[in-house]
Amino acid sequence: MKEWSSFDKITKGKGMWLIDSQGNKMLDAVASMWCNVWGHSNPELVKTISEQSKKIQHSSMFNLTNEPAEKLADSLVKISPGMHKVFYSDNGSSAMEIAIKIALQYWKNLGDTKKIEIATVENGYHGDTFGAMSVGYVPEFFGKFKKQLFSTIQFPVPNKYRIPKGFTFTDYQNYCLDKIEKKFSKNNNIAAFVMESGTQMAGGVVIYPKGFQKKISQLCKKYNILFVLDEIATGFGRLGSMVQYEEQKSIPDIVAYGKMLTGGYLTMAATLANKKVYDSFSGEFNDWKHLFHGHTYTGNPIAAAVANQNIKMYKKNNLIKKIQKTSKVFEKFYNELYQIDIVGDIRHKGMLMGIELVKNKERKTPISPKKSINKIFFDEGKKNGIYLRTLGNIVMLVPPLAIKESELELLLNKTITTIKGAKSKVV
Ligand SMILES: Cc1ncc(COP(=O)(O)O)c(C=O)c1O
């Protein structure tokens, strides 16, 4: 905390740029925490917010519903193969808490009291609330609360850059999957397997090898375990497809969306479940099968209206196709990035790039300066007119999805200048 004497006040946003109270402009390299889609102050989204506020700004979803939330639920079910119903919340962590609660209660509703354990992968991240911290345990973030968290069964994830000695990448993938199958075959108490869809984000941009997620979904089916996916950071186009689990050929029982759902304009998240799961919650009052969960702003009409407009714009602008094309710009910079002697690895998919920084390329030792890496890169980025954040020793490029090719080139050039500029401060 003491490293930060003050913070810049952002007073305006225009397109891909953030503007502070002094008039300084910064290119938003992290889509304002991975959620912005169309850039800032988009007139169509701003108009939607204003128009919906004149009708009804908020009414509760306890005993009632509202038009934008109903419409959004229909759209979400349509774009999400296999899903049947939607449960709203107002942030990704809550959406995952809800997913975990639904998965655990599903078995109780069926009368199975033994299935109470959650399986997951090492270094997953699902948010900062206690359930989400338990399931998505990243030791550096949550170590101080370890005793208060519930235990989960964790499996390793193959990261091509850091394969344990003696394994090829393929061997290691098989080893990880075998470990999962062995456990599943012996343990009948596993209620659900929870993982991020497509890639681990906060855990270090670990992009799953082809078939890995699919195989886990198959194992879940084989051993009667619910498969729960977190698409909060990776769905809605971030990895180049609207619904990442479709690309991964791994239909879940429960999935969560957040961040880009409203284009990054208002706070809303959603947990979707398939019919099998939904039906288990349906009963007479005295059966007590319903889900005791609800937030004040659940299904907020302004947030839902802006999400509806956002989805309409994805279709109208053919955004997913555009992302697939723009994403190729990243590839043009691989060589130049690798030439920097602290760049150990580059992991890229869609509109996501993680640049892993090391002291020694051969030994792959992560950089470990005395000061915060994030602060060093934030300060250096600011000098170059770019808003950058790092996660551990990884520089994260997570730009607004509708960024133009020329703007993405500028962003990559500024990132290269920033890494070179920060080099002497981190090794
Ligand atoms: C994969 C994933 N799940 C859940 C969350 C939590 O979302 P929120 O910050 O909206 O609570 C995040 C946030 O970064 C995330 O990356």
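Out of curiosity, is Gly82 of a type in the set (Gly, Ala, Ser), part of a loop (DSSP other than H, G, I, E, B) and at pLDDT 95 or above?
Details: of a type in the set (Gly, Ala, Ser): yes; part of a loop (DSSP other than H, G, I, E, B): yes; at pLDDT 95 or above: yes.
Taking the combined requirement at face value, the residue satisfies it.
Which residues, counting only those in segment 29-44, are under 17 Å from Met313 (Cα atoms) and either in contact (Cβ under 8 Å) with a residue 24 or more places away in the chain or outside any helix (DSSP H, G or I) (or both)?
Initially, segment 29-44 is screened for residues under 17 Å from Met313 (Cα atoms), giving 35-44.
Correct list: Cys35, Asn36, Val37, Trp38, Gly39, His40, Ser41, Asn42, Glu44.
Considering only segment 135-171, state which residues are within 16 Å of the ligand (Cβ to nearest atom), under 19 Å from the mean Cα position of the chain (by Cα) and assigned to a loop (DSSP other than H, G, I, E, B).
Selection gives Gly136, Tyr137, Val138, Val157.
Hey, can you tell me all the residues within segment 232-246 that are away from the ligand (no atom under 15 Å from the Cβ) and either of a type in the set (Gly, Ala, Ser) or within 17 Å of Ala95 (Cα to Cα) (or both)?
If we filter segment 232-246 for residues that are away from the ligand (no atom under 15 Å from the Cβ), which is where we start, we get 240-242, 246.
Within segment 232-246, Gly240, Ser241 meet the criteria.
Can you tell which of Ala119, Ala132 is surrounded by 21 or more Cβ atoms within 10 Å (Cβ to Cβ), part of a strand (DSSP E or B) and at pLDDT 95 or above? Write out each step before concluding.
Numbers: Ala132 fails: part of a strand (DSSP E or B).
Residue meeting the stated conditions: Ala119.
Hey, does segment 287-310 have a residue that's surrounded by fewer than 21 Cβ atoms within 10 Å (Cβ to Cβ), more than 24 Å from the chain's Cα centre (by Cα) and on the phi > 0 side of the Ramachandran plot?
yes
With touching a helix residue (DSSP H, G or I) at 6+ places or on another chain (Cβ under 8 Å), within 16 Å of the ligand (Cβ to nearest atom), in contact (Cβ under 8 Å) with a residue 40 or more places away in the chain and under 21 Å from Lys85 (Cα atoms) as the only criterion, which of Leu291, Leu272, Leu266 stands out? Quick ask: steps written out before the conclusion?
On the way: Leu291 fails: within 16 Å of the ligand (Cβ to nearest atom); Leu266 fails: under 21 Å from Lys85 (Cα atoms).
So the residue among Leu291, Leu272, Leu266 that is touching a helix residue (DSSP H, G or I) at 6+ places or on another chain (Cβ under 8 Å), within 16 Å of the ligand (Cβ to nearest atom), in contact (Cβ under 8 Å) with a residue 40 or more places away in the chain and under 21 Å from Lys85 (Cα atoms) is Leu272.
Give segment 107-134 a look and list any residue that's more than 18 Å from the chain's Cα centre (by Cα) and without any contact (Cβ under 8 Å) to a residue 40 or more places away in the chain, or say none.
Those that are more than 18 Å from the chain's Cα centre (by Cα) and without any contact (Cβ under 8 Å) to a residue 40 or more places away in the chain: Lys108, Gly111, Asp112, Thr113.
Give segment 191-206 a look and list any residue that's buried (at least 23 other Cβ atoms within 10 Å of the Cβ) and among the β-branched types (Val, Ile, Thr), or say none.
Of everything in segment 191-206, those that are buried (at least 23 other Cβ atoms within 10 Å of the Cβ) and among the β-branched types (Val, Ile, Thr) turn out to be Val194, Thr199, Val205.
Looking at segment 242-275 only, could you name the residues that are closer than 18 Å to Lys78 by Cβ, assigned to a helix (DSSP H, G or I) and either within 16 Å of the chain's Cα centre (by Cα) or among the acidic types (Asp, Glu) (or both)?
Gln244, Tyr245, Glu246, Glu247, Met260, Leu261, Thr262
The values are calculated or read from the model by the stated rules, or taken from the named source; none is laboratory data. Here the structure is a predicted model, which means the values were calculated and not measured. Cβ sites come from the backbone with ideal geometry, for glycine too, and all protein chains shown count toward neighbours.
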